[in-house]
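The structure appears below as structure tokens.
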Amino acid sequence: DGDVVVQSVDNVEIWLHQKNLECLIGSSRFPPADENDIVHLPKPAKVLEILFHAIYARPFPDARIMELQFESFMLLAEAAEKYQVYSMVAVCKLRMRHEKRLRLLKYASTHNHRDLIDELQLLLVNVPLSELVKILSVDDYKTWVKHLNNWKRIKFIHEFCFRAFIGRNFF
């Protein structure tokens, strides 16, 4: 019963309401309709259905988001970023905290999600810099190296103090 037709890459039509799109999606990012008044989006229907669920006042499809295979989930996260569906971006970031970390680091660096990059740093402290240079933006890489050096100093001081403490007989 919508007034906008979106067609997925797998040729499924999804009917949406223009007012919801205008209010909740970055309209500058949404492509124009073709001569048949159809908006073609390069994502599969299962991804678009979940994405557009977020433009209506109803509960999020949490179970469906969690059930998506990683590749489909990343398509959803990228689509949420591209079309500026910020409520879906937030939900995707929550799931990402439990996903494949290097892929998530690349996503976070691409979309400048500093909070997610910061959370991943301690989890990825042992990843070789040769791998990280392929994933991170130049600025994120510089920040990563700076934090890594600080982390190594803190670790050294902690180990030194721990050894000194253990070496003494306090009892």
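Hey, among 45, 63, which residue is under 22 Å from residue 7 (Cα atoms) and not basic (Lys, Arg)?
Values: 63 fails: under 22 Å from residue 7 (Cα atoms).
Exactly one residue qualifies, and that residue is 45.
Residues that are farther than 26 Å from residue 107 by Cα and open to solvent by 20 Å² or more (accessible area, probe 1.4 Å): which strands (runs of 3 or more DSSP E) entirely in the stretch 1-85 hold 2 or more of them?
Values: elements: 4-7, 13-16, 38-40.
Those strands (runs of 3 or more DSSP E) span 13-16.
Look at the stretch 79-126 and say how many of its residues are out of contact with any helix residue (DSSP H, G or I) (no Cβ under 7 Å at 6 or more places or on another chain) and among the aliphatic types (A, V, I, L, M).
Matching residues across the stretch 79-126 total 3.
Do any residues in the stretch 46-60 that are closer than 12 Å to residue 8 by Cα and of a type in the set (Asp, Glu) have Cβ atoms under 9 Å from those of residues that are in a loop (DSSP other than H, G, I, E, B) and open to solvent by 10 Å² or more (accessible area, probe 1.4 Å), where the two are at least six apart or on different chains, and which pairs are they?
If the second residue must be in a loop (DSSP other than H, G, I, E, B) and open to solvent by 10 Å² or more (accessible area, probe 1.4 Å), the pairs left are 49/12; 49/61.
Here is a yes/no grid of residues against (1) over 19 Å from residue 82 (Cα atoms); (2) open to solvent by 70 Å² or more (accessible area, probe 1.4 Å):
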position	(1), (2)
96	no, no
103	no, yes
110	no, yes
114	no, yes
134	yes, yes
139	yes, yes
148	yes, no
153	yes, yes
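Could you please find all residues in the stretch 118-131 being open to solvent by less than 70 Å² (accessible area, probe 1.4 Å), part of a helix (DSSP H, G or I) and in contact (Cβ under 8 Å) with a residue 24 or more places away in the chain?
Here is the first cut: in the stretch 118-131, the ones open to solvent by less than 70 Å² (accessible area, probe 1.4 Å) are 120-121, 124-125, 127-129.
From the residues that got through so far, the ones that are part of a helix (DSSP H, G or I) too are 120-121, 129.
Answer for the stretch 118-131, where residues must be open to solvent by less than 70 Å² (accessible area, probe 1.4 Å), part of a helix (DSSP H, G or I) and in contact (Cβ under 8 Å) with a residue 24 or more places away in the chain: just 121.
Test residue 164 against the stated conditions and say whether it is under 30 Å from residue 56 (Cβ atoms), small (Gly, Ala, Ser) and free of Cβ contacts under 8 Å to residues at least 24 places away in the same chain. Steps first, please.
Numbers: under 30 Å from residue 56 (Cβ atoms): no; small (Gly, Ala, Ser): yes; free of Cβ contacts under 8 Å to residues at least 24 places away in the same chain: yes.
Judged against the criteria, residue 164 is not a match.
The values are calculated or read from the model by the stated rules, or taken from the named source; none is laboratory data. Since this is a predicted model, take the numbers as computed values, not measurements. No Cβ is skipped: glycine too gets one built from the backbone with ideal geometry, and neighbour counts run over all protein chains shown. What goes into the accessible areas is simple: the full protein's heavy atoms, side chains included, and nothing from ligands, DNA or RNA. Shrake-Rupley method; radii C 1.70, N 1.55, O 1.52, S 1.80 Å.
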